[in-house]
Amino acid sequence: MILEVVKYGHPALRKKGERIEKITPEIEQLIADMFETMYAAKGVGLAAQQVGRPLQLTVVDVRGATDRPSTLEIDGRESNVEAFMPIALINPEIKPYADPVAGPEGCLSFPEIFADIIRPSMTEIRALNQKRERVDFRCGGLLARAIQHEIDHLNGILFIDRMKRSDKEELKSQLDELQAQTKEALKKK
């Protein structure tokens with residue numbers, strides 16, 4: 001089922017996600033729905049907060065992004081990103097592994113708003129996947145950027161919080177309008 005992606009101004013986006021202690025049928029269904037929602041919105045990642053559920057859960061699939069390559073290492077060996085995708089990350093832990101670089105980002109909760117964000121170019125990730133398996137891997141490129149963006153969501157951090165002040169000031173009217181629209185829509189519910 002395609003879920004509503006909440007927009008900037010919705011309180012769920014600022015909530016730190018609760019740890020998932022048990023992967024229940026409800027969590028399995030949420031994962032399936034999040035993948036369906038992400039694909040319908042043509043995104044490469046989606047956090048539970050973005051569908052109004054403050055949990056430590058995100059889904060990622062970078063297979064369609066050929067203009068921004070990704071790298072993946074498992075057990076110190078280069079691995080096939082395509083074969084690893086799609087992936088759900090439950091209770092993920094992240095550790096930066098390389099120097100920060102600027103790169104373009106957008107967000108499904110901020111339609112048509114983009115900016116360069118500085119993030120480590122590689123990260124190490126540890127989490128459970130949708131098959132209840134422990135996954136430990138190192139990634140770079142778009143995959144690293146997407147996972148860092150989604151893990152920020154799990155902690156109530158938005159990509160606008162990482163924008164350069166000048167970029168945020170340039171986007172201020174768009175951000176204010178989006179936030180006002182969201183708050184107005186919430187009042188009507």
Worksheet item: Mind checking which residues of the stretch 157-171 are outside any helix (DSSP H, G or I) and over 11 Å from the mean Cα position of the chain (by Cα)?
Response: 163, 164, 171
Discussion item. Anything in the stretch 67-81 that is out of contact with any Gly (no Cβ under 7 Å at 6 or more places or on another chain), polar (S, T, N, Q) and either more than 16 Å from residue 135 (Cα to Cα) or loosely packed, with under 15 Cβ neighbours inside 10 Å (or both)? List them, or say none.
Written reply: 80
Practice prompt. Tell me, please, whether a residue that is within 21 Å of residue 121 (Cα to Cα) and over 17 Å from the mean Cα position of the chain (by Cα) can be found in the stretch 47-67.
Written response: yes
Worksheet item: under 17 Å from the mean Cα position of the chain (by Cα) and small (Gly, Ala, Ser), is that true of residue 88?
Response: yes
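Residue-by-condition table, conditions (1) of a type in the set (S, T, N, Q); (2) assigned to a strand (DSSP E or B); (3) over 27 Å from residue 40 (Cβ atoms); (4) in contact with a strand residue (DSSP E or B) (Cβ under 8 Å, 6 or more places away or on another chain):
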{"site": "92", "(1), (2), (3), (4)": "no, yes, no, yes"}
{"site": "125", "(1), (2), (3), (4)": "no, yes, no, yes"}
{"site": "130", "(1), (2), (3), (4)": "yes, no, no, yes"}
{"site": "145", "(1), (2), (3), (4)": "no, no, no, yes"}
{"site": "150", "(1), (2), (3), (4)": "no, no, no, yes"}
Item to complete: State all residues of the stretch 67-90 that are over 29 Å from residue 170 (Cα atoms) and not in a strand (DSSP E or B); if no residue qualifies, say none.
Response: 75, 76, 79, 80, 81, 82, 83, 84, 85, 86
Worksheet, complete the sentence: Across the stretch 1-51, the tally of residues that are surrounded by fewer than 18 Cβ atoms within 10 Å (Cβ to Cβ), closer than 12 Å to residue 108 by Cα and not charged (D, E, K, R) stands at 3
Worksheet entry | residue 157 vs. criteria surrounded by 14 or more Cβ atoms within 10 Å (Cβ to Cβ), aliphatic (A, V, I, L, M) and without any contact (Cβ under 8 Å) to a residue 12 or more places away in the chain | yes
Worksheet entry | Considering residues of the stretch 20-47 that are touching a Leu at 6+ places or on another chain (Cβ under 8 Å) and part of a loop (DSSP other than H, G, I, E, B) only, the residue farthest from residue 157 (Cα to Cα) | 23
Worksheet entry | Meets criteria (without any contact (Cβ under 8 Å) to a residue 12 or more places away in the chain and over 14 Å from the mean Cα position of the chain (by Cα)) for residue 138 | no
Worksheet item: Could you say whether any residue in the stretch 44-51 is without any contact (Cβ under 8 Å) to a residue 60 or more places away in the chain and not basic (Lys, Arg)?
Response: yes
Fill in: Restricting the stretch 119-142 to residues that are touching a Pro at 6+ places or on another chain (Cβ under 9 Å), within 19 Å of residue 69 (Cβ to Cβ) and of a type in the set (A, V, I, L, M, F, W, C), the residue that is surrounded by the fewest Cβ atoms within 10 Å (Cβ to Cβ)
122
Worksheet item: Identify, please: which residue in the stretch 1-19 is outside any loop (DSSP other than H, G, I, E, B) and among the charged types (D, E, K, R) and is, among those, farthest from residue 89 (Cα to Cα)?
Response: 14
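All of the numbers you see were taken from the coordinates with simple rules; none came from a lab. Computed from a prediction, not measured in an experiment: that's the story for all the values here. Cβ atoms come from the backbone with ideal geometry, glycine included; neighbour counts cover every protein chain shown.
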